[in-house]
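Take a look at the structure set out below.
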């Protein structure tokens, strides 16, 4: 039986709630019994949280949101996090569903809460193949 860790960035807590709820619905729908949620402050902390737990779980779901501001910080944080997640997935040969949404505003973020479910489906798909 597969064990999944959801790593949930809480910087935008109202948005992360929608992402995690949709991911958890998928895990329940597919009768995944072994899963945990680990909260982190923001998306930049997701890769280290996964890295610290990489041997304890079969798959991971990374959830969070970055909203573009007036500085290039958005680009650096988004790219660094995505690269680190991909490297972990390849190096350890474990699926990491990327449910981190990058948006221009909160309205776009609220409209994308299903990305948590999509990330969960991606992980389950790889684990079953």
inquiry  = For region 89-114, give me the residue count where each residue is touching a helix residue (DSSP H, G or I) at 6+ places or on another chain (Cβ under 6 Å), more than 19 Å from residue 53 (Cα to Cα) and either in contact (Cβ under 8 Å) with a residue 40 or more places away in the chain or part of a helix (DSSP H, G or I) (or both).
reply    = 4
message = Just the residues that are surrounded by fewer than 18 Cβ atoms within 10 Å (Cβ to Cβ) and either under 11 Å from the mean Cα position of the chain (by Cα) or outside any loop (DSSP other than H, G, I, E, B) (or both), please, taken from region 52-66.
response = 52, 53
inquiry  = Just to be sure I understand, how many residues within region 23-51 are under 26 Å from residue 75 (Cβ atoms), part of a helix (DSSP H, G or I) and either in contact with a strand residue (DSSP E or B) (Cβ under 9 Å, 6 or more places away or on another chain) or without any contact (Cβ under 8 Å) to a residue 24 or more places away in the chain (or both)?
reply    = 9
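Say whether the condition of being closer than 14 Å to residue 6 by Cα and over 13 Å from the mean Cα position of the chain (by Cα) is met by at least one residue in region 98-109.
The answer is no; no qualifying residue exists.
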request  = Could you run through region 1-20 and say how many residues are over 20 Å from residue 102 (Cβ atoms) and either assigned to a loop (DSSP other than H, G, I, E, B) or under 12 Å from the mean Cα position of the chain (by Cα) (or both)?
outcome  = 4
ask   = For region 67-88, how many residues are over 14 Å from the mean Cα position of the chain (by Cα) and either within 16 Å of residue 115 (Cα to Cα) or part of a helix (DSSP H, G or I) (or both)?
value = 9
ask   = Which residues, counting only those in region 4-32, are surrounded by fewer than 18 Cβ atoms within 10 Å (Cβ to Cβ) and within 18 Å of residue 117 (Cβ to Cβ)?
value = 14, 17, 21, 25, 28, 29, 30, 31
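All of the numbers you see were taken from the coordinates with simple rules; none came from a lab. Just so we're clear, the structure is a prediction, and the values are computed from it rather than from any experiment. Ideal geometry is used to build each Cβ from the backbone, glycine not excepted, and the neighbour counts take in all protein chains shown.
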